[in-house]
Amino acid sequence: MAVALIVAAGSGERLGAGRPKALIELAGRPLVQWSIDALREVPGIDQIVVAMPPRAPAPAGVIAVDGGDSRSESVRRALAAAGEGDPVVVHDAARPLLTGELVERVIAALEGDDRADAAIAAAPVTDTVKRVDPAGAVTETLDRSELWAVQTPQAFRRVALERALDLPAAELARATDDAGLIERAGGKVLVVRSSEENLKVTIPFDLRVAELLLAMRRGPRG
């Protein structure tokens, strides 16, 4: 059986809401609740652990832990609180348009390759991407056919994730996602195609887009 970890310890400063991002309301629910509900749809996930800001109220029906000073430190704390389970699915609460179908595809990709240590959701980059020096001058135009924008959910062999997270706090703080830690350790990471709809809520504009997309999913009300 799998376990799922939700990273929900962000402050939400860029949203200007004056409260933790996970508790900001989106279409009638706290932001984090959308991810919890999606993960509950997935057969085989029998435990959800959420890394929350200290003193924040815990969502019902999950295990809650205080998040750390960095994203990967929050993942490490949530994993330590989780019961037995493999694989481990990690998801950011800031991506509330998660679907159970995407989680299942990520898990299936990992379980379908005995040599893989992780499988991650990602979308092909559609913009032209340029490398720019500190002075603001372009130094290189990258081949976007080889570039993917990484998202969550990400699924991991538990032993591989535990090993990757076994680093000093300062090194964990430099990680932007846990799959990068797996790569650093020489592990194999698979990409599972997702879409831009699995967006990350960072600023108020993102919140408005998420509300519109959720309304489209629900369809017209009769």
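Pairs under 7 Å by beta carbon, first residue closer than 16 Å to Leu165 by Cα in the range 81-108, partner surrounded by fewer than 24 Cβ atoms within 10 Å (Cβ to Cβ) and of a type in the set (S, T, N, Q), six or more apart or different chains?
If the second residue must be surrounded by fewer than 24 Cβ atoms within 10 Å (Cβ to Cβ) and of a type in the set (S, T, N, Q), the pairs left are Ala82/Gln47.
Residues that are among the small types (Gly, Ala, Ser), at least 3 per element: which helices (runs of 4 or more DSSP H) completely within the range 71-182 meet that? Even if it seems obvious, please write down each step before you answer.
On the way: elements: 71-81, 100-111, 158-164, 169-173.
Per the criteria, 71-81, 100-111, 169-173.
In the range 88-121, how many residues are of a type in the set (A, V, I, L, M) and either over 30 Å from Gly44 (Cβ atoms) or out of contact with any helix residue (DSSP H, G or I) (no Cβ under 9 Å at 6 or more places or on another chain) (or both)?
Of the range 88-121, the ones of a type in the set (A, V, I, L, M) are 88-90, 93-94, 97-98, 102-103, 106-110, 116, 118-121.
Of the ones still in play, those that are also either over 30 Å from Gly44 (Cβ atoms) or out of contact with any helix residue (DSSP H, G or I) (no Cβ under 9 Å at 6 or more places or on another chain) (or both) are 106-110.
So the count comes out to 5.
How many residues does the range 50-76 hold that are within 14 Å of the chain's Cα centre (by Cα) and without any contact (Cβ under 8 Å) to a residue 24 or more places away in the chain?
0
Pull out all pairs, ordered by first then second residue, where Cβ-Cβ is under 7 Å, the residues are six or more apart or on different chains, the first lies in the range 195-218 and is polar (S, T, N, Q), and the second is assigned to a helix (DSSP H, G or I) and surrounded by 15 or more Cβ atoms within 10 Å (Cβ to Cβ).
Asn198/Leu102
Scan the range 171-183 and report the pairs whose first residue is modelled with pLDDT under 85 and crowded, with 22+ Cβ neighbours inside 10 Å and whose second residue is among the acidic types (Asp, Glu) and part of a helix (DSSP H, G or I), with Cβ atoms within less than 6 Å and a gap of 6+ or a chain change.
Every condition considered, no pair remains.
Quick check on Ala80: is it farther than 29 Å from Met216 by Cβ, modelled with pLDDT of 90 or more and surrounded by fewer than 18 Cβ atoms within 10 Å (Cβ to Cβ)? It would help to see each step written out before you state the result.
Values: farther than 29 Å from Met216 by Cβ: yes; modelled with pLDDT of 90 or more: yes; surrounded by fewer than 18 Cβ atoms within 10 Å (Cβ to Cβ): yes.
Spelling it out, Ala80 is indeed farther than 29 Å from Met216 by Cβ, modelled with pLDDT of 90 or more and surrounded by fewer than 18 Cβ atoms within 10 Å (Cβ to Cβ).
Under 14 Å from Val7 (Cα atoms) and part of a helix (DSSP H, G or I) - does that describe any residue in the range 40-63? Lay out the reasoning, then the answer.
From the range 40-63, those under 14 Å from Val7 (Cα atoms) are 48-54, 56, 58-59, 62-63; that's our starting set.
Filter once more, keeping what is part of a helix (DSSP H, G or I): none.
Among the residues of the range 40-63, not one is under 14 Å from Val7 (Cα atoms) and part of a helix (DSSP H, G or I), which makes the answer no.
The values are calculated or read from the model by the stated rules, or taken from the named source; none is laboratory data. Owing to the predicted nature of the structure, the values given are computational and were not obtained by experimental measurement. Here Cβ is always computed from backbone atoms with ideal geometry, including for glycine, and neighbour counts include all displayed protein chains.
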